[in-house]
Amino acid sequence: MWHKPHLLIALADLLMLAAGAAVLAVGAVWVVRVQALPVQQVDFVAPLVQTRRAEIERVLPPAIQGNFFSVNLETVRGSLERLPWVRKVEVRRVWPARLQVRVEEHRAAARWGLGRNELVNSHGEVFAAVLPEDQLAAMPLLYGPPGTAPEVLARHAELVGQFARLGERPVQLLLSPRLAWQLKLDSGLLVNMGREQPKAPLGVRLQRFIEIYPDTVGKQATRPAVVDLRYPNGFAMRVADEGKGN
């Protein structure tokens, strides 16, 4: 082999590559393990409305372990997403010593159920958080079986538009375990809409009620307390002090 220069050159090149790879490997291990290049700053790219600084200062420092290269971004993201008002978090490194964090907060659209501090956001997702009583009182109350929040929220939005022409505002919408709908208006009127019926769809029954509302409910000397739309060809009204349909 000593008389074959091309083999010696190839062997030398191979040894140099191996040495270079070893140096890089050692350097990478050193960068990851030593406490050089610590994360010195965490920047939030958008202002936070509901999430408090004290909450962030409680969960963030324990999540930032290691240095700029070794800090686990998933751990940082997960620690922030466990906060009540945080919906989604994106984290990225910014050389040489910063983390950039983008937080999407929940936007509460309604209360969800009673007594559990649950709200439903604009995406139809249920989350637990606390709001002042005056803000809670201004929100509609929605509820339904597990997994139905997007449907209930969408139905409520439709009803808001439909009843706006009558000067009424839906303040409560409930979906029972048997999938029957019950609506309450700001006037106190309770509307039992019932379930979807193949021969008398809920939308048809509701539209018929809205069309004749001004000449029926609107002209009652004593406003009814409950309207029952579960009948395929009409509806019943009940006055609070009578306890029977008309």
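Taking into account only those residues within the range 204-232 that are of a type in the set (Phe, Trp, Tyr) and within 18 Å of ARG169 (Cα to Cα), which is surrounded by the most Cβ atoms within 10 Å (Cβ to Cβ)? Only one residue fits best here, namely PHE209. Annotation note: of PRO140, PRO145, PRO132, PRO170, the sole residue that is more than 23 Å from GLN207 (Cβ to Cβ) and modelled with pLDDT of 95 or more is PRO145. So is VAL130 among the β-branched types (Val, Ile, Thr), outside the structural domain of ASP228 (by TED's automatic domain parsing) and either more than 30 Å from ARG238 (Cα to Cα) or in contact with a Pro (Cβ under 6 Å, 6 or more places away or on another chain) (or both) or not? No: the conditions fail for VAL130. Answer yes or no as to whether ARG92 is at pLDDT 95 or above, out of contact with any His (no Cβ under 7 Å at 6 or more places or on another chain) and closer than 24 Å to THR51 by Cα. Here the answer is yes, as ARG92 does meet what is asked. Those strands (runs of 3 or more DSSP E) of the range 67-157 in which 2 or more residues are farther than 21 Å from ILE56 by Cβ and touching a residue at least 40 places away in the same chain (Cβ under 8 Å) occupy 108-112.
Does at least one position in the range 166-173 carry a residue that is free of Cβ contacts under 8 Å to residues at least 12 places away in the same chain and either assigned to a helix (DSSP H, G or I) or out of contact with any Lys or Arg (no Cβ under 6 Å at 6 or more places or on another chain) (or both)? Yes, the range 166-173 has at least one match.
Taken as a whole, the condition of being touching a Phe, Trp or Tyr at 6+ places or on another chain (Cβ under 8 Å), surrounded by 16 or more Cβ atoms within 10 Å (Cβ to Cβ) and either hydroxyl-bearing (Ser, Thr, Tyr) or closer than 30 Å to THR222 by Cβ (or both) does not apply to LEU159.
Taken together, the residues in the range 176-212 that are part of a loop (DSSP other than H, G, I, E, B) and of a type outside the set (Lys, Arg) amount to 13.
The values are calculated or read from the model by the stated rules, or taken from the named source; none is laboratory data. Quick caveat: nothing in here was measured; it's all calculated off a predicted structure. In this analysis, Cβ positions are derived from the backbone assuming ideal geometry, glycine residues included, and neighbour counts consider all displayed protein chains.
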